[in-house]
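Notes for the one structure printed next.
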Amino acid sequence: MEGAISKPPYTRRIAVVTGGNKGIGLEVCRQLASDGVTVVLTARDEKRGADAVEKLKALGLCDILFHQLEITDSSSIAALADFLKTRFGRLDILVNNAAVSGVEHVQEVDTNEEKFNGMDLNQRLEWVLKNIRDTVDGAKKSIQTNYYGTKHVIDTLLPLLQSSNGGRIANVTSAYGLLRVSFFLPPLVMESQIPVDQYYHIQGIFFYAQRINNEEIRQELDDIENLTEERLDELLGKFLKDFEADALEMHGWPVGLAAYKVAKAAMNAYSRILARRNRALRINCVHPGYVKTDMSMSSGVLTPEEGARSVVNVALLPDGGPTGAYFAMGQEASFV
Ligand SMILES: NC(=O)c1ccc[n+]([C@@H]2O[C@H](COP(=O)([O-])OP(=O)(O)OC[C@H]3O[C@@H](n4cnc5c(N)ncnc54)[C@H](OP(=O)(O)O)[C@@H]3O)[C@@H](O)[C@H]2O)c1
């Protein structure tokens, strides 16, 4: 679906946002458009995408158009690339936001957010943990969407980003994809010296907290000078094989939201590889925080507006800014 936007040469910056119809993606579109960027809001479902564009237009934001994009469908990605090439001849900003959790809900999700009132972050995570379960099909979908889908979008749109004077990619990642063993180290553990794993078991949030436990794999994913795309494929293949064989824990993979964590870790690694190869672009990863959206079953502590602000700040980093970096809570941070 096309809007009334002029042909090249086109002076405003042009951004594509994947999964722009709701949640953090929709807010990223709103904020980018408010900052004077022409936004191509994409969504896999035509109606959901067109409705989202209408919603933003009703706020007075006119420089927004819709294009269908299913990130696991190569013909859909190619159609978007053709559209951008014909209409603008380049792309300035790509925000890879679309993702799935890859888990099943154990019961009908109660959308009433009030149940979270008075719950701290741990209690919210515990509630989520009790209400989801990993499945083999979900794990495959998560790897296919969150890693391969995103990678395919980047690879196809890269020539258009290279045609920009200041091409940027912001990959929306998660703290779950970091190469640290656990999510966070509560002060209680440090003060009491209770072993970390034991603490998380006591708290019932161990599965949530745990990331990739296998040190060799963590080191490989961090060894960006030597890591290859082929090796990433092998590692993801091994992960899925171990998942099907019920051997995740034995081989040091995460347990609980396992594929989501592994896909985000792989995407972080791919972003870093790409950033090294494309020095003229700014390619970064950004964790939006724990946000109230459908993905978090509305359990998050931040609004989509707050989560999206972190993403937009990274998408609009100034020329010469960091590349191959990770940002969380508005700050550059370490992947490990
Ligand atoms: N919420 C959090 O606390 C949190 C924390 C850390 C990171 N993140 C990351 O933030 C990003 C946005 O998540 P969110 O919380 O806003 O989730 P959300 O509300 O569930 O939105 C996800 C978006 O991705 C789209 N999508 C999923 N699969 C797709 C596909 N194959 N092709 C195209 N679009 C697809 C969805 O489209 P449909 O509407 O058609 O399903 C939707 O627009 C994700 O990358 C997520 O991993 C979120």
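State whether the residues of region 118-129 include one that is within 13 Å of the ligand (Cβ to nearest atom) and among the small types (Gly, Ala, Ser). Let's see the steps before the verdict.
Within region 118-129, the first condition is being within 13 Å of the ligand (Cβ to nearest atom), and the residues that meet it are 121, 124-125, 128.
Pick out the ones that are also among the small types (Gly, Ala, Ser) and you get none.
The answer is no; no qualifying residue exists.
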Provide a single number: the residues in region 106-117 that are within 16 Å of the ligand (Cβ to nearest atom) and open to solvent by 20 Å² or more (accessible area, probe 1.4 Å). 3
Show the residue pairs that are 6+ apart or on different chains and have beta-carbon atoms under 6 Å apart, the first residue being within region 147-159 and closer than 14 Å to Ala170 by Cβ, the second being aliphatic (A, V, I, L, M) and crowded, with 20+ Cβ neighbours inside 10 Å. Thr150/Met267; Val153/Ile71; Val153/Ile77; Leu157/Leu91; Leu157/Leu94
Residues of region 68-82 satisfying the condition of being within 13 Å of the ligand (Cβ to nearest atom), open to solvent by less than 30 Å² (accessible area, probe 1.4 Å) and touching a residue at least 40 places away in the same chain (Cβ under 8 Å): Leu69, Ile71, Ile77, Leu80
Enumeration of residues in region 167-186 that are among the charged types (D, E, K, R) and modelled with pLDDT under 95: Arg180
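Can you work out which of the residues in region 228-272 that are of a type in the set (Val, Ile, Thr) and either more than 18 Å from Tyr148 (Cβ to Cβ) or open to solvent by 10 Å² or more (accessible area, probe 1.4 Å) (or both) is modelled with the highest pLDDT? Give the steps one after another, and end with the answer.
Looking only at region 228-272, we keep the residues that are of a type in the set (Val, Ile, Thr), and these are 228, 255, 262.
Those still in the list that are either more than 18 Å from Tyr148 (Cβ to Cβ) or open to solvent by 10 Å² or more (accessible area, probe 1.4 Å) (or both) too: 228, 255.
Numbers: Thr228: 98, Val255: 84.
Going through the qualifying residues, I end up with Thr228.
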Condition broken by Gly289, with the remaining ones in (1) within 14 Å of the ligand (Cβ to nearest atom); (2) part of a helix (DSSP H, G or I) satisfied: (2)
Where residues in region 83-105 are closer than 14 Å to Ser163 by Cα and outside any loop (DSSP other than H, G, I, E, B), which of them is most open to solvent (accessible area, probe 1.4 Å)? Lys85
So which residues in region 136-170 are loosely packed, with under 15 Cβ neighbours inside 10 Å and either over 22 Å from Arg87 (Cα atoms) or away from the ligand (no atom under 16 Å from the Cβ) (or both), if there are any at all? Val136, Asp137, Pro159, Gln162, Asn165
Hits in region 63-75 - residues which are outside any loop (DSSP other than H, G, I, E, B) and touching a Ser or Thr at 6+ places or on another chain (Cβ under 9 Å): Ile64, Leu65, Phe66, His67, Gln68, Ser74
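The values are calculated or read from the model by the stated rules, or taken from the named source; none is laboratory data. This one's a predicted model, so the numbers in the text were calculated from it and none came from an experiment. So basically every Cβ, Gly included, is an ideal-geometry build from the backbone, and we count neighbours across all protein chains shown. Surface areas here come from the heavy atoms of the whole protein model, side chains and all, with no ligands, DNA or RNA. Shrake-Rupley method; radii C 1.70, N 1.55, O 1.52, S 1.80 Å.
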